[in-house]
1. Which ones in segment 391-412 are assigned to a helix (DSSP H, G or I), closer than 15 Å to K268 by Cα and open to solvent by 30 Å² or more (accessible area, probe 1.4 Å)?
2. I need the full set of residues from segment 145-181 which are buried (at least 16 other Cβ atoms within 10 Å of the Cβ) and either modelled with pLDDT under 75 or in a loop (DSSP other than H, G, I, E, B) (or both), in order please.
3. Within segment 260-269, can one find any residue that is assigned by the TED database to the domain that holds E365, more than 20 Å from D152 (Cα to Cα) and polar (S, T, N, Q)?
4. Give the residues of segment 43-67 that are open to solvent by 10 Å² or more (accessible area, probe 1.4 Å), of a type in the set (F, W, Y) and closer than 17 Å to S112 by Cβ, sorted by residue number.
5. Is it true that some residue in segment 370-377 is outside any helix (DSSP H, G or I) and open to solvent by 20 Å² or more (accessible area, probe 1.4 Å)?
6. Tell me which residues, restricted to segment 238-249, are under 14 Å from F323 (Cβ atoms) and part of a helix (DSSP H, G or I).
7. Please verify whether N209 is in a helix (DSSP H, G or I), modelled with pLDDT of 80 or more and under 26 Å from T65 (Cα atoms), treating the condition exactly as stated.
8. Return the residues of segment 1-38 that are among the aliphatic types (A, V, I, L, M) and surrounded by fewer than 17 Cβ atoms within 10 Å (Cβ to Cβ); say none if nothing qualifies.
Amino acid sequence: PQRTYIFTFLLSSRVFIHPHELLAKVGQICIKQKQQLETGTEAEKAKLKSFAAKIIQLLKEWTETFPYDFQDEKSMKELKEIAHRITQCDEENGTVKKIISQMTQNLLMALSTRSQYQEIREKFRQPVTDKGTILKTKPQSTQKDILSVCCDPLILAQQLTYIELERVSNIYPEDLMQIVSHMDSLDNHKCRGDVTKTYNLEAYDNWFNCLSMLVATEICRVVKKKQRTRMVEFFIDVARECFNIGNFNSMMAIISGMNLSPVARLKKTWSKVKTAKFDVLEHHMDPSSNFCNYRTALQGAAQRSQTANSNREKIVIPVFNLFIKDIYFLHKIHTNRLPNGQINFKKFWEISRQIHDFLTWKQVECPFEKDKKIQSYLLTAPIYSEEALFIASFESEGPENHMEKDSWKTLR
């Protein structure tokens, strides 16, 4: 079958059967075919060689696309046994042996890379909750802020894109399939390693929240209104540059940060901001009609990516939590099986098409050079908790109504 069919089949099979059980079935077919074709006539020998070539193709695509399926001993043992049988089918031909040993080598390398990534998992950044340090607002000169590290919106947008692509590269198709198998109450056999798998999704989601909170922190902690206005306008420009690059996830995170109550309530600051650019961004991310405007922009970026000559034009980073919701929605509205009991392949074909698009986008090599100083700030600068943000916000612009006055009292 075509590669797209094999991809869809292997991706969706895990909802119904454990990968090592599926591999065992392939192993059984190998034994059966080998027994049937081992009569020794030339025609049978040719058939056996052709069968061996097809099994190798399947195993090659399986180990390349879903290396994690071979993480457990059962799958590895099964793979070795099948490889041994296939080599016997075409012993005179040394190429088969070569292909199999190369395939095993590549698989072991892929597995070791992934386990290394899991060992150096990032520690979740904890928001600063010590109110005392926040209330004693430090003098502006000694307080390092994003503008002192990078004052060019385009460069910051490029560094954010670098971080996004780095994180996206650690998300695999089977992680995304967890959304279907995780939430399926009819699914009795859960895939192994659920925790490690959904971790990649959670870590990426956590980055989005951190970026939103960082934007809000940077704005709220500025004491002077003029500088606060400059900070707001700077982030609007950064979000706009992210949009132009095709980095919708960072753009959405920045807009979310600016729409958090502690930032949104700073009316005196916003009155000084040239909001025309911000209105355009909000229009792109307008949630009405199921984010229709964003989807149009995403489609445009995807088309540009297909015909692009440079990596710079190939970048497409969708809003990740919307992408996840789409897969979940597809899963929820369509059943896994048809009324006649057969698997609803059309549903899984559509899910795998969307996952395949995502995989194509995540493979784009980042065209921007890494700036360690800027990235270190983005990833480690202290972030305020929601409570701390409100304190900083009320410090900058006092409470306006009874409700705000009550919150301020409680916070103090």
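The values are calculated or read from the model by the stated rules, or taken from the named source; none is laboratory data. Quick caveat: nothing in here was measured; it's all calculated off a predicted structure. Cβ placement follows ideal geometry from the backbone for every residue including glycine, while neighbour counts extend to all protein chains displayed. Note: areas computed on protein heavy atoms with side chains; ligands, DNA, RNA excluded. Shrake-Rupley method; radii C 1.70, N 1.55, O 1.52, S 1.80 Å.
1. Result: E395, S396.
2. Correct list: D145, C150, N170, I171, Y172, S181.
3. Scanning segment 260-269 turns up at least one residue that is assigned by the TED database to the domain that holds E365, more than 20 Å from D152 (Cα to Cα) and polar (S, T, N, Q).
4. None - no residue of segment 43-67 is open to solvent by 10 Å² or more (accessible area, probe 1.4 Å), of a type in the set (F, W, Y) and closer than 17 Å to S112 by Cβ, so the list stays empty.
5. Scanning segment 370-377 turns up at least one residue that is outside any helix (DSSP H, G or I) and open to solvent by 20 Å² or more (accessible area, probe 1.4 Å).
6. Residues satisfying the conditions are F248, N249.
7. Judged against the criteria, N209 is not a match.
8. If the condition is that a residue be among the aliphatic types (A, V, I, L, M) and surrounded by fewer than 17 Cβ atoms within 10 Å (Cβ to Cβ), then I6, I17, V26, I29, I31 are the ones that fit.
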